[in-house]
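Below are the structure tokens for one structure; questions will follow.
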Amino acid sequence: MKHVIALDVGGTGMKAALVGAEGELLHRARRPTGRERGPEAVTAAVLDFAAELRAHGLSAFGEPALAAGVAVPGIVDDARGVAAYSANLGWRDVPLRALLSERLGGVPVALGHDVRTGGLAEGRIGAGRGADRFLFVPLGTGIAGAIGIDGRVEAGAHGFAGEIGHVVVRPGGVDCPCGQRGCLERYASASAVGHAWAAALGDPEADAADCARAVAAGDTRAREVWQAAVDALADGLVTALTLLDPRTLIIGGGLAEAGPTLFDPLREALRARVTFQKLPEVVPAGLGDNAGCLGAGLLAWDLHAAAVRPPADPPSPALPAPGMSAASAVPPIRDTTDSSEVTT
């Protein structure tokens, strides 16, 4: 059975899948990243995990994977296939695409930035499905963004497109590790909300989820902290909307789990700020923490589709027909694994 390898490398864990030609998830697995053992050990763990997935596919389906897609955090040089920098993993200029291709018997490998890869999945098979232009913004430890255009995600000339977390929304404000002051993620990320709420309570253990619950319960201090974050977020998003004019705005990450506690005041704040701009549909992300892995599968099938010449006969559903883009040819991913196949 034809399939590809999909791998999402995170700061603490790795999620992976084997994805079939019709988009079905044939096998899923998880492993710890093991970053406490150092960057070389993390690279070895990624290569070993990929080799295990290849071996499983060969054993279970009678043939090796056609391609692999890998999503990684940090700064990624998609064109060269290099994980240029990741503070969480300690990586600098790791030629991950070449290393993985060699370990996997020479199959083509697509390497992508984790947020852009997650955005690809949200745009094609998640909350943005059907939208020709979307912006995906996950609100987690930091804030990043993925700019979706006609089924693909724009990386920019140097691989930095979508870094909305470093739009300055409070000039002269809090120092940011990027070197600027007043960046959006210092005010509206889950970690920023958590720090502000912990300071308001005098409880270093309090976090953003605690703040969201207190807001829902009507706590005045929590509402002040929360509204300050929402206002900063709306300021940053209006800048993005003005520049990009997306049809759909997808909000994900930890803060999005607050549901209406976040989305109701955010929609109101955006409506109050737009003038000539068209307000996009504002929706929660649909794929959760599986977005990166699912996007890696799409990258792998895209890569395989691009490498295969159109056959003389009518193309299969997994390959682009004449006049179609690879984006429209890749089928929705469907989960056909049973619980016994999933390792945690």
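Evaluate the stretch 113-132: report whether one residue or more is within 26 Å of HIS195 (Cα to Cα), open to solvent by 30 Å² or more (accessible area, probe 1.4 Å), in a helix (DSSP H, G or I) and touching a residue at least 40 places away in the same chain (Cβ under 8 Å).
Scanning the stretch 113-132, I find at least one residue that is within 26 Å of HIS195 (Cα to Cα), open to solvent by 30 Å² or more (accessible area, probe 1.4 Å), in a helix (DSSP H, G or I) and touching a residue at least 40 places away in the same chain (Cβ under 8 Å), so the answer is yes.
Residue by residue, here is whether (1) aromatic (Phe, Trp, Tyr); (2) open to solvent by 10 Å² or more (accessible area, probe 1.4 Å); (3) more than 27 Å from GLU154 (Cβ to Cβ); (4) modelled with pLDDT under 95 holds:
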residue: ALA222; (1), (2), (3), (4): no, no, yes, no
residue: LEU233; (1), (2), (3), (4): no, no, no, no
residue: ARG247; (1), (2), (3), (4): no, yes, no, no
residue: GLY253; (1), (2), (3), (4): no, yes, no, yes
residue: THR261; (1), (2), (3), (4): no, yes, yes, no
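Next up: For the stretch 192-206, enumerate the residues that are part of a helix (DSSP H, G or I) and either open to solvent by less than 40 Å² (accessible area, probe 1.4 Å) or farther than 20 Å from ALA256 by Cα (or both).
The answer is ALA192, VAL193, GLY194, TRP197, ALA198, ALA199, ALA200, LEU201.
While we're looking at this one, here's another question. Can you tell me which residues in the stretch 164-184 are assigned to a loop (DSSP other than H, G, I, E, B), open to solvent by less than 60 Å² (accessible area, probe 1.4 Å) and in contact (Cβ under 8 Å) with a residue 24 or more places away in the chain?
VAL167, VAL169, LEU184
Mind listing just one residue for me: the one in the stretch 44-69 that is open to solvent by less than 10 Å² (accessible area, probe 1.4 Å) and assigned to a helix (DSSP H, G or I) and, of those, nearest to THR141 (Cα to Cα)?
VAL46
Failed condition for VAL72, given (1) open to solvent by less than 20 Å² (accessible area, probe 1.4 Å); (2) of a type in the set (A, V, I, L, M); (3) in contact with a Gly (Cβ under 6 Å, 6 or more places away or on another chain); (4) within 26 Å of ALA208 (Cα to Cα), with all others met?
Only one criterion in (1) open to solvent by less than 20 Å² (accessible area, probe 1.4 Å); (2) of a type in the set (A, V, I, L, M); (3) in contact with a Gly (Cβ under 6 Å, 6 or more places away or on another chain); (4) within 26 Å of ALA208 (Cα to Cα) is unmet by VAL72, namely (3).
Out of the residues in the stretch 263-288 meeting the condition of being assigned to a loop (DSSP other than H, G, I, E, B) and in contact (Cβ under 8 Å) with a residue 40 or more places away in the chain, tell me which one is surrounded by the most Cβ atoms within 10 Å (Cβ to Cβ).
Among those residues, the one meeting the criterion is ALA285.
Just one of ALA209, ALA240, ALA188 is at pLDDT 95 or above, under 20 Å from the mean Cα position of the chain (by Cα) and surrounded by fewer than 21 Cβ atoms within 10 Å (Cβ to Cβ); which is it?
Exactly one residue qualifies, and that residue is ALA240.
The values are calculated or read from the model by the stated rules, or taken from the named source; none is laboratory data. The structure presented is a predicted model; accordingly, all values stated were derived computationally and were not measured. Quick reminder, even Gly has a Cβ in these numbers, built from the backbone with ideal geometry, and neighbours come from all protein chains shown. For the accessible areas, the whole protein counts, side chains as well, though only heavy atoms, and no ligand, DNA or RNA atoms are used. Shrake-Rupley method; radii C 1.70, N 1.55, O 1.52, S 1.80 Å.
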